[in-house]
Amino acid sequence: MGRAMGILAGVGIALAVAGDATGQERLRPPRAYLDLDLVGADAVGEFGQRVDGGFGGQAAFRLRLTPQAPAFLRVDGGFVVYGYERIGTCYGSPYGCRIGPDVTTTNTVGYMGVGPEIAVEGAIAPYLFGTLGFSYFSTQSSLSGGDPYYDDLFDTRHVSDLVLSTRAGG
């Protein structure tokens with residue numbers, strides 16, 4: 001079993017790094033890419049003591065700087081919702097809890113950045129990127145009672161902050 005796995009791994013590596021066979025025409029790589037991703041976040045430190053992880057989405061547009069170079073200009077952005085809470089409440093007299101509004105609190109982070117990316121083409125395509133941009137943090141609560149006309153009247157933004165940010169990945 002061990003020998004078979006070793007042979008399989010060797011063949012896989014050989015195929016991944018093998019060049020084009022004679023007679024095959026090498027296609028030009030695309031000039032631009034659009035990546036769409038799902039994002040999971042794990043809060044750490046003091047922030048992690050107050051909230052759980054989050055979930056969201058991200059998009060990245062990558063433009064090749066020259067036709068054959070592995071250098072790209074990367075523009076990306078995304079959002080993560082790391083907290084959502086909905087609590088039913090009661091009106092005061094005379095309605096009580098027969099007609100109950102909901103208090104909904106949402107915690108979000110959005111980000112956007114621009115920077116360089118280096119990527120190697122092939123069956124295995126490692127890449128590195130760095131961006132400079134901004135991040136926006138917001139905690140907002142709203143009171144909703146089932147009537148969309150009045151729901152917008154009771155929104156409160158508790159905390160929000162816009163900061164310069166850097167990101168790196170690969």
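In a shell of Cβ-Cβ distance under 11 Å around PRO67, excluding PRO67 itself, what net charge do Lys and Arg (+1) and Asp and Glu (-1) give?
Values: positive: ARG28, ARG31, ARG64; negative: none.
Counting the neighbours of PRO67, the net charge comes to +3.
Would you mind computing, in nm to one decimal, how far apart the modelled labels at LEU34 and LEU63 are, each placed 7 Å from Cα along Cα→Cβ?
1.5
Kindly write out, for the stretch 64-77 in residue order, the coupling ³J(HN,Hα) from the Karplus curve 6.51 cos²θ - 1.76 cosθ + 1.60 (θ = phi - 60°), rounded to whole Hz, with x marking Gly and Pro.
5, 6, 9, x, 10, 6, x, 9, 10, 9, 10, 10, 9, x
At 7 Å along Cα-to-Cβ for each site, give me the label-to-label distance between LEU27 and ALA125 in nm.
1.1
Below 8 Å between Cα atoms, with a sequence gap of 6+, how large is the relative contact order for the stretch 35-74 in percent? Mind showing how you got there, number by number?
Numbers: 48 pairs, mean separation 14.3, N = 40.
Dividing the mean separation by the residue count of the stretch 35-74 yields 36 percent.
If I model a spin label at ALA168 and VAL44 as a point 7 Å from the Cα along the Cα→Cβ vector, what separation in nanometres do I get?
1.3
Among residues other than GLY113 whose Cβ falls under 15 Å from its Cβ, what is the net charge (Lys/Arg +1, Asp/Glu -1)?
Net charge in that neighbourhood comes out at -1.
Multiply the residue gap between GLN140 and ARG86 by 0.36 nm, knock off their C-alpha separation, and tell me the result in nm, one decimal place.
18.3 nm
Laboratory data are not the source of any read-out in this text; all were calculated from the coordinates shown. Small disclaimer: the values here were computed from a predicted structure and weren't measured. Virtual Cβ from ideal backbone geometry, glycine too; neighbours counted across all protein chains shown.
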